[in-house]
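Working notes, beginning with the structure itself.
The values are calculated or read from the model by the stated rules, or taken from the named source; none is laboratory data. None of these values were measured; they are calculated from a predicted model. When we count neighbours, we look across all protein chains shown, and the Cβ atoms used for this are built from the backbone with ideal geometry, even at glycine. We work out accessible area using only protein heavy atoms, side chains counted, and drop any ligands, DNA or RNA first. Shrake-Rupley method; radii C 1.70, N 1.55, O 1.52, S 1.80 Å.
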Amino acid sequence: MTIDRNARRQRPPWLTPALLIMPAFVVVFAIAAYSAVSLFQLSTVDLTFGEPFRNAEPVGLENYRWLLTNEHSTFWATLRVTISYLLGTLIPELLIGFAIALLLNRKMRGNSLFTAVLVIPIVLMPSMVGLIGRLYFSYDGLVNFFFESFTGIRHNWYGKDLALWAVILVDIWEWTPFFILILLAGLQTLPVEPFEAARVDGASRWQSFTLLTLPMMLPLVLTTFILRFMDVLRLFDVIFVMFAGGPGTTTTTLPLYVYRTTLVQRDVGRGSAASIMLIIIIVSLTVILIKLRERIKFEA
Amino acid sequence: MKRNWTSITGSRLLDLLTVCVVFAFLFPYLFMVSSAFKSRLETFAYPPVFLQFTPTLEHFDNIFNNMHILFYMKNSTIIAVCSTLLTILIAIPATYAFARFRFRNKEGIAYGFLFLQMVPGISIVFALFFIARALDLFDTHIFLIVVYLLWNVPYAIWMMRGFVEGIPVELEESAMVDGASRFKAFRVITLPLMAGGVAATAILIFIGVWNEFSLAFFLTSTNARTMPTTIAFFMTHSGIKWGPMFATATIGTLPVVVFALIVRRYFISALTFGAVKG
Amino acid sequence: MKLRLVLVLLIVALAFSSFSALAQDPIEDWAAGIKDAYGGTEITVAVASHPSVEAFKQMIPRFEELTGITVVLDEMEEGQLGQRMLLEVSAESASYDAMMTAIEWSPLVASSGYATPLEPWIESDITPDWFNYEDILQAYRDMFLWEDGMHYGIPYAGETVFMFYRTDLFDEHGIDVPTTYDEVLSAAQYFSENVDGVHGISYRARLGWEFTYMWSIFLAPFGGMMVDPETGDVALDSPGTVASLEYIRDLWQYGPVGVESFSFPEAWDAFMLGRAAIMIEASAAAPEVENPDKSVVAGMTGYSPLPAGPAGAFSGVWGWSFAMMDDSMHKEATWAFIAYLTSEGLQEEYLANGGIVSRASALGDPDLQAANPYYEATLATLEQAAALGELGLSVVLPTPKWSQVSEIMGIEGARAFIGEISVEEAIASMQAQVSEVLSE
C-alpha cells in the first residue's frame, strides 16, 4: 500500500480509489438507499398487505414493541430456532468444507473434475432442493433406507424432534460445496516459497499446516464465513418448501418468520419490523466477525 | 525408502477418501437424476429402486413439449449471464481500490456495501414493484439484471477482496519499478493471479441469480419469467409432479455444470504460483 | 397423437360443414359473432397450477381459432397467485384481464374493486344460450357472492371434503364404514394395530393454511365455530372448538408417521400407496386415487360423506372461479373467454380433459356417476355443506381478512397439535389474535 508514488504526483490520493469505487457505489446505493428507507417506513405503520398503501396508519414503534413483548408473539422462539440453525449449519459446513478443500488441493488425477461436479448441490434450485429433501426425508424415503440398513431403525424426520436436523442436514449438503469452492481457490493462491522454506527447516506437515496454511487462510475463511452467515439469515426457500416452518414452529427461522408475517399473514408493519430487527442482528454479528477478521489479519 | 512407502500409501488412502467424499455429496443428485427416468410409483418405492427399473423419457418429453422449459431457461440464461458480467465489471475496480489503496473511511464504506446487501429481497419487493411499474420496466429482463446488482456487487467486492489481499503487493511494485503503469501492473500481474477468485465468484453469483425466486416472481409476468418460477408446474393442486420436477432439476443444473467444467482449470493448479504441496 | 389427429380432422370437418350448411353448430354460430366483434384482441389471464387449467389448456386453441381472440396464460403456484393478486390490489392496478380466484380471496377482490361484478355480463348478449349459469351448483355459485348481492366469479372447480376408505380392508376385516367420528377413531386404531404397513387415517396437518383447512372441517361436528353467527363475535374459545382440536390431535397417533408435516400431496400419497385405510381429504384427490398410474388403490376405494360428531354431520365447500378485473380494457373478449370455457356446452370436453365437476347436470348424469364412483358422495357431501350454511357457518369466513385469520389458527393449532403449547393456550392465543384482526 505504498505504491501511490505515481498517482500522488498528478492528483489527490483519494481520487483514484474514488473513481474506481464510483460505479459500484452508484448502482448499489441508488437501489438500496430507497429500499432501505421504504422498509423502515413500513415498519412503523399498521398496514395489511392487500390494502392500498395509502391506507397505512402510522403507529410509531408499536410493531417492534408487539414483537418483542407481546405474549402471543413467537419472535423469541423463532430467534432460538434461528440460532440453533445457524450453529448447526455453519460450523459443520466450514469444517467439512475446509477438510475437503485440503483433500482436493493435492496432486491427484481428476481433482479438477471433482471440484467442478461439487458445485451441483448449490446449482440446484432451492425450492427443488426443498422438494427433494421433503421426499428423501419422508418416513419411506432414501435417508431412512440408509438408516435402516445400518442401524435397523427408521426415524420420523417429519416430527418435532428431528425436523430441524433434517433441514440442517439438507443445508449442509447444499452449501458445504460453497466453502470447498472458495477455500480451494484460496489455497491455490497461497505462495509456495514459505512452504518450501519450512520443509527445508524440517517442519512436519502438521506444523506447516498450523503455522503457515491456517494463518494465511484465516482472512478468507472469515470472509467466506461472513458471506455464508448472511445467506443463512436471508434464505428460507428450502425450509419453506420442506416443512413450511413446522411442525409447530420447530423450523421457523427468522427470515421465514418475516416471510410468513408479511406475505401470508399479510401484516406488513410487523413483518417489516421483524425484517429490520433481522438486519440489525446480522449487522451486529457481522461487525463482531469483521473485527475478528481485522485482528487476525493484523497479527498475520 | 520406508518413509516414502508410507507416504505413498497414505496418499493413496487420501485419494480414496477424496473419491468417497465426492461420491457421497453427489449421490443424492445422482439418485435424483435416475428418478427423472422413473415412473411415479417407482419414485415412491420402499426400499428405493436404484438401478432395476425401465427408464422412460416421458418426463423430459413433458417438460420440453408441454411446459416449454426452454423458454424459461432462455430468460434465466440472459439474466444470469448479463447480471454476472456486469457485476464483475463493476466490482473489479472497486475491489482493487479497497484492497490496494489507503483512504479515509475505507472500512466504513466497505461495510456500507456489505450491510446494504443484507436488505432481504422479499421486504423491498413492494418498492421495486412500484418502481418497475412507474418506469414501465415491469416484466423485462433489464430490470431484473439491474436489480440483482444491488446484492451481487457488494458480494463480489467482499469475496474478491480476500483474494486480492492474498496476492503480495510487492509483485506489483516491482513491475512498476520496472516502468509499468499502475493499470498495466494490475492487468499483467494481479488480474491473472486473481483469476481463480474471479472465476469462483462469478460462478457463485451466476448460481445465485440463476436460482433467485422471490424477485424474479414478483417482477415478471409472462415475458421474462425465469426457471425457478417454473416450480409452479410441479407443485400443483393435484399433488407434486415428481418426474417432471426431477427432469427439470436435471436440465437446470446442466448449464452451470458445463460452465464449471470449462473454467475448472482456473480453480486448480493452472496458476503461476502453483499449489501448496502440503 | 391419435387424439390430436382426430381433433384436427374434427375441426376441419366442422369448419367445412359451416361453409356448406351455414353454421348449424350453436357454438360456432356464437363464436362467429364474437370473432366479428372482438377478433384480434389479446387477453392475459393469471391461473394457478390446477387440473382445471390443464383441461382449459387443451380447450383454448379451439377457442382462439373460433373467436380470433388470443389468450396468454400466466401460470403460478396457487399460494404465489394469491400473493400476486394481493400485490396488484395494493398497487391498485391490474395487469391481467381475468384471474383464477379461490373462495378465500373472493371477499378481497370484491370489496377492493379489483374484480368487477358479473351479473351485467351474465345477462349480456355476449353470453351464449349454452352457457347455462343456473346449472352450476348453487353452493359453488354462492361462494363468490359478496355483500352487495353480486357475484364476482364463475366457478368451474368446486371442491368439498369427504371420506375415502379402502373397501378391500374394510371387507376383509368385517368392519362397517364409520358414520360417526368415534367410529372413525376406533377403525383407525384397529387398522393401525392389526394390519402391517397400514396406518389408520391420513390427512393434512402442516403448519399454516393446511392445518386450518383440515381443522375447519371438524369444527361444526363438535359444536365449535370461528365466529358466532348470532352475535358476530369471535367464538374460537367455545367448548366445541376445544373438543375438535383435541379430537384431531387424538387421530394423530393413528396417522402415517410424520403426519404433522403432511401437506395434501403427502396425505394423498400415503393413501394412494396403500399406506392408510381411511383418508379425510379434498374431493380433488378422488380422480388421482382412481388413476392406476399414480395409485395402487384405484378401484378399491369407497367414498362416503363425512361422519357425524356430537353436534351433527357437516362438510364445507371450497373452489375456484374466473374473476374479471375491473381495470381490464377488453372486458367483452374476456367475458367471452370465461363464458366459453365454463359453459354447459363445453362441459363434456372439460370433464374429459380432467376438469373438476361443478355442474348439476354432470353430477346427476347416470353414465357419469357410473364412471366416477365419487360423484354420489360429492352430492351427499354438498348437502352436508348446505347444512353448515343453514347454521350460518362456513369453513371460510367471508371476510377480506380471512388469510390472516387462517394463518393465526394454522400456527397456533399446529403448535398445540404437536404439544409445543397446550390446547388451552393455543385457543386463548388465537381468540385474542383473531379478535384483534377482525376488530380493526
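GNM on chain B, alpha-carbon springs under 10 angstrom: the most fluctuating residue among B:I69, B:I124, B:I231 is B:I124.
With point charges of +1 on the Cβ of Lys and Arg and -1 on the Cβ of Asp and Glu, referenced to the Cα centre of chain B, which listed residue (B:T18, B:P47, B:T87) lies farthest in the positive direction of the dipole? Going by the Cα projections, it comes out as B:T18. Helix C:331-341 and the long axis of chain C differ in direction by around 70°, with both axes built from C-alpha atoms. Taking every DSSP helix (H) stretch of at least 4 residues in chain C, weighting each as -39,500 (n - 2.57) and dividing the sum by the residue count yields a mean residue ellipticity at 222 nm of -14500 deg cm²/dmol.
Helices meeting the span-like rule in chain A (full DSSP H runs, Cα extent of at least 27 Å along the helix axis, mean Kyte-Doolittle score of -1.0 or higher): A:15-42, A:75-104, A:163-189, A:268-299. Contact order, relative form, for chain A: 27 percent (alpha carbon pairs under 8 Å, 6 or more residues apart, mean separation divided by residue count). Rounded to the nearest 20, the size of the Cβ-charge dipole of segment C:72-130 about its Cα centre is 220 debye, with Lys and Arg at +1 and Asp and Glu at -1. Taking each DSSP H run with n ≥ 4 as -39500 (n - 2.57) and averaging over every residue of chain A yields -22000 deg cm²/dmol at 222 nm. Taking trypsin sites (Lys or Arg not before Pro) in DSSP loop states with no more than 14 other Cβ atoms inside 10 Å as exposed sites, chain B has its longest site-free stretch at B:105-276.
Checking the Cα-Cα distances for B:K241/C:K294; B:K106/B:K184; C:K35/C:K331 against a 19 Å cut-off, the pairs over it are B:K106/B:K184. Structure remark: mean-square fluctuation, Gaussian network model of chain A, C-alpha springs under 10 Å; the largest value among A:L285, A:L19, A:L211 belongs to A:L19. Relative contact order of chain C: 24 percent, from C-alpha pairs under 8 Å at least 6 residues apart in sequence. Only helices enter this figure: runs of n ≥ 4 DSSP H residues, each worth -39500 (n - 2.57), summed and divided by the residues of chain B, yield -21500 deg cm²/dmol at 222 nm to the nearest 500. Among C:G40, C:G197, C:G232, determine the one that fluctuates most according to a GNM of chain C built with springs between C-alpha atoms less than 10 Å apart. Residue with maximal mean-square fluctuation among C:G40, C:G197, C:G232: C:G232. Taking amide H atoms as placed 1.01 Å from N in the peptide plane, the amide H of C:T180 lies under 5 Å from those of C:A308, each 5 or more residues away in sequence or on another chain. Values of log10 I(q)/I(0) for the protein assembly as shown across q = 0.06 Å⁻¹ run -0.49, by the Debye formula with one identical scatterer at each alpha carbon and no solvent. Think of each Lys and Arg Cβ as +1 and each Asp and Glu Cβ as -1; about the Cα centre, that makes the dipole of chain A roughly 880 debye. Here the Kirkwood formula puts the hydrodynamic radius of chain B at 22.3 Å, using every distinct Cα pair. Only protein heavy atoms count here, probed at 1.4 Å, and on that basis chains B and A bury about 10000 Å² of accessible area in total. Within segment C:123-152, the GluC sites (Glu not before Pro) that combine a DSSP coil assignment with at most 14 other C-beta atoms in a 10 angstrom radius are C:E123, C:E147.
Which Cα, out of A:Y257, A:N63, A:L39, lies furthest along the positive dipole direction of chain A (beta carbon charges, K/R +1, D/E -1)? After comparing all options, I get A:L39. The magnitude of the dipole of the protein assembly as shown, with charges of +1 and -1 set on the Cβ of Lys/Arg and Asp/Glu and taken from the Cα centre, is near 7840 debye.
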